[in-house]
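The values are calculated or read from the model by the stated rules, or taken from the named source; none is laboratory data. Here the structure is a predicted model, which is why all the values come from computation and not from measurement. Neighbour counts run over all protein chains shown; Cβ positions are idealised from the backbone, glycine included. With ligands, DNA and RNA removed, areas are computed over all heavy atoms of the protein, side chains included. Shrake-Rupley method; radii C 1.70, N 1.55, O 1.52, S 1.80 Å.
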Amino acid sequence: MRMPCGKGQALWGRGEGDRVEADELLVLVAGGDQNAFEELYGLVSGPVYGLVRRVVRDPAQSEEVAQEVLLELWRSAARFDPGRGSALSWILTLAHRRAVDRVRSARAAGEREQREALRAGGPAFDQVAEEVEAGLEREWVRRCLDRLTALQRQSVTLAYYEGYTYREVAERLSLPLGTVKTRMRDGLTRLRQCLGGVA
């Protein structure tokens, strides 16, 4: 089943090789192959995050949900049936379901808080404060992205915000795949340090 995933849909139109590679890797992952999982992670983490981000919206929660999906992928790879569709389709379906579950859970929690506040006679949930906090988070992420080198920023943006695989990022930037992987790893490390208040 093809999921509605915006820019991530480019993955479906372009990467027949990626689709076949993902199918093969997922079969190896089902057998417990950690190296295959690392390769599969690199191949699908961008599209998974991109899809989740479009559903969940919040960057921190999106990253958390994407990590949950990739962990679930390691645990449940044996459930993948190549006869029912491609690995990428199956993985993105998992991501979409998990993202929708997170949105529903957050909505239900917000409604519960509102009901409790009304019952207690206190002020309702402060939406203005939430919007201000979200704006501050976006500004913080933007500042941290600005601290990366131009190549790191381009690579991270293409993979995590536009849903491209590492291979597609390498093609778009006309760079070797190994160089892109190294820049991504270094960029993500610096980004985590900055967002964690270490940098």
> Of everything in the range 155-173 that's of a type in the set (F, W, Y) and either in contact with a Ser or Thr (Cβ under 7 Å, 6 or more places away or on another chain) or assigned to a helix (DSSP H, G or I) (or both), which residue is surrounded by the fewest Cβ atoms within 10 Å (Cβ to Cβ)?
Replying inline: Y161
> What tally of residues in the range 66-95 results from selecting those that are in contact with a helix residue (DSSP H, G or I) (Cβ under 6 Å, 6 or more places away or on another chain) and either in a loop (DSSP other than H, G, I, E, B) or over 21 Å from Q34 (Cα atoms) (or both)?
Replying inline: 2
>> If I ask for residues that are part of a helix (DSSP H, G or I) and without any contact (Cβ under 8 Å) to a residue 24 or more places away in the chain, which ones from the range 38-61 would you list?
In response: E38, E39
> Among the residues of the range 176-197, how many are open to solvent by 50 Å² or more (accessible area, probe 1.4 Å) and either in contact with a helix residue (DSSP H, G or I) (Cβ under 8 Å, 6 or more places away or on another chain) or assigned to a helix (DSSP H, G or I) (or both)?
Replying inline: 11
